[in-house]
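Notes follow the structure.
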Amino acid sequence: MKRFFVFSVFIFIVLGCSSDPVRNNNPFLPIYRFSSSPINLNLPLYNQLNFPGNAIVYNEIGVGVNNRIFIINTGSNNFLAFDAACPNQELSACSNMNLVGIRAVCPCDDAEYSLFNGQSPGKQYPMVQYRVEVINPQTIRVYN
């Protein structure tokens, strides 16, 4: 009976663990643990994130590889966040991507990445994705 109880608890723990859908296995970019400050979507600087399909560049020291990430509202109060460093380049002076609508463009190789999935056709590595927590309808937080 004791073995059954221990086995049941073990199975409960194993099945209760959730898989992490955000994987970052990019050899060019280091992985840093961080948590952004709460981002208030009522502030004019972040107001664009109140509308689906809009993206912003978010700058904060200690957030992302180069203190710079992209955040996009994908609709239904869902957000995606990606690092602004070129994922298929070594870190250099040209490795900070530029936001162009719903795309990120790497000036090193002119590769264009979609902010809806982080992919660029023909490129080996996608953009490094981060987690976004919706604290309330007007406040989000990005973390890794």
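The values are calculated or read from the model by the stated rules, or taken from the named source; none is laboratory data. Model, not experiment: these values are computed from the prediction. Every residue, glycine as well, gets a Cβ built from its backbone with ideal geometry; the counts of neighbours run over all protein chains shown.
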(request) Can you run down the residue pairs with Cβ atoms below 7 Å, 6 or more apart or on separate chains, where the first is in the stretch 55-74 and over 16 Å from Arg141 (Cβ atoms) and the partner is assigned to a strand (DSSP E or B) and basic (Lys, Arg)? (result) Val57/Arg68
(request) Test each condition in (1) within 15 Å of the chain's Cα centre (by Cα); (2) not in a loop (DSSP other than H, G, I, E, B) for Val65 and report the one that comes out false. (result) (2)
(request) Output yes when any residue across the stretch 69-86 is polar (S, T, N, Q), more than 12 Å from the chain's Cα centre (by Cα), in a loop (DSSP other than H, G, I, E, B) and farther than 21 Å from Pro27 by Cα, and no when none is. (result) yes
(request) Would you mention how many residues in the stretch 87-119 are over 14 Å from the mean Cα position of the chain (by Cα), surrounded by 14 or more Cβ atoms within 10 Å (Cβ to Cβ) and among the small types (Gly, Ala, Ser)? (result) 2
(message) Just the residues that are of a type in the set (Phe, Trp, Tyr) and touching a Pro at 6+ places or on another chain (Cβ under 8 Å), please, taken from the stretch 85-130.
(response) Tyr113, Tyr125
(message) So Val57 ticks every box in (1) at pLDDT below 50; (2) in a strand (DSSP E or B); (3) of a type outside the set (S, T, N, Q) but one. Which box is left unticked?
(response) (1)
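I need the full set of residues from the stretch 97-113 which are in contact (Cβ under 8 Å) with a residue 40 or more places away in the chain and assigned to a loop (DSSP other than H, G, I, E, B), in order please.
Gly101, Ile102
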(request) For the stretch 73-86, indicate whether the set of residues that are modelled with pLDDT under 95 and of a type in the set (Asp, Glu) is non-empty. (result) no
(message) Looking only at the stretch 120-144, how many residues end up being in a loop (DSSP other than H, G, I, E, B), polar (S, T, N, Q) and surrounded by fewer than 15 Cβ atoms within 10 Å (Cβ to Cβ)?
(response) 1
(request) Test each condition in (1) assigned to a loop (DSSP other than H, G, I, E, B); (2) at pLDDT 95 or above; (3) in contact with a Gly (Cβ under 9 Å, 6 or more places away or on another chain) for Tyr32 and report the one that comes out false. (result) (2)
